[in-house]
Amino acid sequence: MLAYVARRLFFALPTLLAVMTLVFVLVRIVPGDPAQTILGDQASQEAIMALRERLGLNRPLWEQYVDFLQSAITGDWGASMVTGQPVLGEIANVLPYTIDLTVASLILGAVVGIPLGVWSALHRNRLIDYVTRIGSLLGLSFPAFVSAILLLLIFSIYLNWFPVISAGDRSDPLERLENLALPAINLGLIMAAYITRVTRSSMLNVLGEDYIRTAQAKGLPHRSIIWIHALRNALIPVVTVVGLYLGILIGNSVLTEIVFNRPGLGKLIVGALGQRDYTMLQGLMVIYTFIIIIVNLLTDLTYGLIDPRVKYS
Amino acid sequence: MAAAPSQSVTQSDVALDVRGLTTSFYVGGHWYPAVRDVSFTLQKHETLALVGESGCGKSMTALSILGLVPPDTGRVEAEAILFEGRDLTRASDREMREVRGDGISMVFQEPMTSLNPVLTIGFQVSEALRHHRGLSRREASARALDILEQVKIPSAASRFNDYPHQFSGGMRQRVMIAMALACQPKILLADEPTTALDVTIQAQILELLRDLRRDTGMAMIFITHNLGVVAELADRVAVMYAGQIVEIAEVEHLFARPSHPYTEALLRSIPRSDRDTAELYTIPGQVPPITRMPSGCRFAERCTYRQDRCAGDQRLTSLRDAPTHAVRCWRRTGGDLPTVGAADD
Ligand SMILES: Nc1ncnc2c1ncn2[C@@H]1O[C@H](COP(=O)(O)OP(=O)(O)O)[C@@H](O)[C@H]1O
Ligand code: SF4
Ligand SMILES: [Mg+2]
């Protein structure tokens, strides 16, 4: 399996290179001059020229490209055009917050969504099922920033249970959890809505399978049939959806991060976009591609845990 | 019950007594019987073959006995289904679970889909033992291994933790049989266990079932659409057509004196190695769907002997000179009145 992981990562290299090239080209063809943007409208022509020189923007494109790749490989992703800090360092500062939030939302989504989906499937077309289905539909269509503001108003400002600004110290476990709670609930409930719906429909499919009838013919108790025979099979499509949604979640968590004033990749991307921080954007897009590659790999490894028919080759 | 054999058998010889079983499905706002007023007894150690084309209600008969008819669309009604002094039609869910896989087991037609793809065969075979016998994981595994060897899975010990997709169709069906036999059931319901398999594998599985039946003494209901395999395996045969038993007899009687036109037709359509398959006889027409059952004789549409009086209800009636041989056709039970002797409905 280690060999499989190594091979998968190796074959991801061309993808990464392609993305880096794309990023390089894109950043240079969008309208607007970075030096002008950084220095503002009032800057003199000389100052702008000097900055362009310093940023290497005056050199031939291919030279910039080779340079860009070389430094990227050696871990030098340049400095943010806005703050002057190393891009990699800025990303490394917020990445743990994003990982915390993503993992917590995923766990919450699974812990709530899977039992709810199973329950809903077992009570198909009964009241419980309708309530769950409507609830999960609401969860999907409710704008994340509205629910974030509601959570913030109720639990932080009115009840005062959680901090208003979730940017605290990660090294103190308690503080880390406190800061995580509301943002994770906000995204976790959306995740739960997705997972509930997929689990329900996949469970209904599985319950009609021949091997479930075989399990019944063995006289097994209801709980073994549901939790051992059916659920394990029903989880296969759930993993697919979680894998897809996880990528979206990492990019889309920006509104949640803004409302809760929490550092994270989403906020970093929006900031860099607004300020045309090209070096930062380059770094973020490559990191984002890398994250998607890792998520896909983890998804495929999870299939293998659930389904013995999956072969790593 | 005309279908019940002679009076000489005592109740204690009876493994299963099915009386007046009707199983219906809810289709388009109405209930339609797929199995209609089926009655038979199964003696201990006996093999009863249930024969008929696809769609005649054989599987539903077996599933009804085990209480496994899909509850949302299906409904089972019966005067009684007696097993070991219990009426299964009145048993609670819990009591039914105790019977399933322990007193009565079932082997299904599709070995490719009837095993759980994500669980090892060792687990699936030992599961019933742990549940019904309360064996520990280790004890159950040891016993399961014995059974896998008994059904002749080659190098069973090393394959114990393999998954179903690592086995061929024939081997999977052996695993299914091992699962069904794990708790040494009194009755095995084998629903077309060889239909999905190659001809040579079919023969091996039939031989296995024959051996197991001999060694364990269990009773068996063997379901098939092929009368050809019945001769070597069954003691008695019930021929089903469109949800009803149309003929029931000891196997030699049935082959010597097929008395229902449908049985005759089935016998003519047995594939035989000494004849060219090109001239294999197939019965013209089709089994009527449960939503469009004709009144009177249900086989009439396809019967070459059809007459006006076939439009009347036909009762399963014993032959005059063979009380254990009953037929649902006025031509053989003779006379002008179809109700000589006992009738089933
Ligand atoms: N869930 C269902 N809903 C409606 N009709 C059904 C259902 N299951 C089976 N039937 C019908 O019941 C009849 C008997 O089916 P079955 O017992 O499976 O036949 P066999 O095993 O003899 O091939 C068939 O006509 C079939 O179409
Ligand atoms: S009752 Fe009539 S139609 Fe039916 S099987 Fe007998 S002869 Fe044929
Ligand atoms: Mg069938």
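The values are calculated or read from the model by the stated rules, or taken from the named source; none is laboratory data. Small disclaimer: the values here were computed from a predicted structure and weren't measured. Please note: Cβ atoms are built from the backbone with ideal geometry, for glycine as well, and neighbour counts cover all protein chains shown. Areas reflect the complete protein model, heavy atoms only, side chains present, ligands, DNA and RNA absent. Shrake-Rupley method; radii C 1.70, N 1.55, O 1.52, S 1.80 Å.
If the segment from residue B:311 to residue B:32 were pulled out straight at 0.36 nm per residue, it would be longer than the present Cα-Cα gap by 98.4 nm.
A cut-off under 15 angstrom between Cβ atoms defines the neighbours of residue A:109, and their net charge, with Lys, Arg +1 and Asp, Glu -1, is +1. As I understand it, the dipole of chain B uses +1 on the Cβ of Lys and Arg and -1 on the Cβ of Asp and Glu, about the Cα centre. Which of B:62, B:47, B:246 lies farthest toward its positive end? Checking the options against the dipole of chain B, the answer is B:62.
Positive end of the dipole of chain B (Cβ unit charges, origin at the Cα centre): among B:169, B:289, B:126, the Cα lying farthest that way belongs to B:126. Compared with the dominant principal axis of the Cα atoms in chain A, helix A:2-29 is inclined by about 40°.
Among the protein heavy atoms, those of residue A:123 account for about 40 Å² of accessible surface (1.4 Å probe, every chain in place). Tell me which of A:123, B:267, B:107 sits at the most positive position along the dipole axis of the protein assembly as shown, charges placed on C-beta atoms (Lys, Arg +1; Asp, Glu -1). Working it through, the farthest residue towards the positive pole turns out to be B:267.
Basic side chains Lys and Arg get +1 at the Cβ, acidic Asp and Glu get -1 at the Cβ, and with that the dipole of segment B:80-124 about its Cα centre reaches some 60 debye.
Helix A:278-306 axis versus longest C-alpha principal axis of chain A: approximately 20°, rounded to the nearest ten.
Rolling a 1.4 Å probe across all protein chains gives residue A:222 an accessible area of roughly 120 Å². For the residues of A:52-62, the average number of beta carbons from a partner chain within 10 Å of their own beta carbon is 0. Ignoring any ligand, DNA or RNA, what whole percent of the accessible area of chain B comes from carbon and sulfur when the probe is 1.4 angstrom? Carbon and sulfur together cover 48 percent of it. Neighbouring Cβ atoms from other chains, within 10 Å of the Cβ of residues in B:117-128, number 4 on average. Enumerate the lysines that residue A:267 could reach by cross-link, defined here as Cα to Cα under 29 Å, with residues fewer than 8 away along the same chain left out. Filter leaves no residues. For segment B:112-182, the solvent-accessible area with a 1.4 angstrom probe is 39 square angstrom per residue. Taking B:44, B:186, B:58 as the candidate residues, the one with maximal mean-square fluctuation in a Gaussian network model of chain B, Cα springs under 10 Å, is B:44. Please list, in order, the residues from segment B:98-119 whose amide nitrogen is less than 11 Å from a point placed 7 Å along the Cα→Cβ vector of residue A:210. The answer is B:108-116, whose backbone nitrogens lie closer than 11 Å to the label point. Note: relative contact order over chain B, using C-alpha pairs below 8 Å and six or more positions apart, is 22 percent. Summed over both chains, the area buried between A and B is near 2000 Å², taken from the accessible surface of protein heavy atoms with a 1.4 Å probe.
In chain A, helical runs assigned H by DSSP with n ≥ 4 each contribute -39500 (n - 2.57); averaged across all residues and rounded to the nearest 500, the mean residue ellipticity at 222 nm is -24500 deg cm²/dmol. Residues of segment A:196-222 that bury at least 20 Å² of accessible area once all protein chains are present, compared with their chain alone (1.4 Å probe, heavy atoms only, ligands and nucleic acids left out), are A:210, A:211, A:213, A:214, A:216, A:217, A:218, A:219, A:220, A:221. On the basis of the beta-carbon distance and an R0 of 45 Å, residue B:256 and residue B:142 show a calculated FRET efficiency of 0.40. Here chain A has 68 percent of its accessible surface on carbon and sulfur atoms, given a 1.4 Å probe and all protein chains in place. Only DSSP H runs of four or more residues enter the estimate; each adds -39500 (n - 2.57), and after division by the residues of chain B the mean residue ellipticity at 222 nm equals -8000 deg cm²/dmol.
Across chain A, the relative contact order, built from alpha-carbon pairs under 8 Å that are at least six residues apart, equals 26 percent.
Reducing segment A:283-303 and segment B:146-174 to their Cα centroids gives an inter-centroid distance of 39 Å. In segment B:89-103, burial by the other protein chains removes 30 Å² or more of accessible area from B:97, B:100, compared with the chain on its own (1.4 Å probe, ligands and nucleic acids ignored). Charge tally around residue B:52: other residues with Cβ under 14 Å, Lys/Arg +1 each, Asp/Glu -1 each, net 0. Note on residue B:186: lysines with a C-alpha under 28 Å away, same-chain residues under 8 apart excluded, are A:218, B:44, B:58, B:152. For chain B, the longest principal axis of the Cα atoms and the long axis of helix B:121-133 meet at an angle of about 80 degrees. Computed about its Cα centre, the charge dipole of the protein assembly as shown is approximately 460 debye, with only Lys, Arg, Asp and Glu carrying charge at their Cβ. Relative to the Cα centre, the charge distribution of chain A, modelled as +1 at Lys and Arg Cβ and -1 at Asp and Glu Cβ, gives a dipole magnitude of about 1440 debye.
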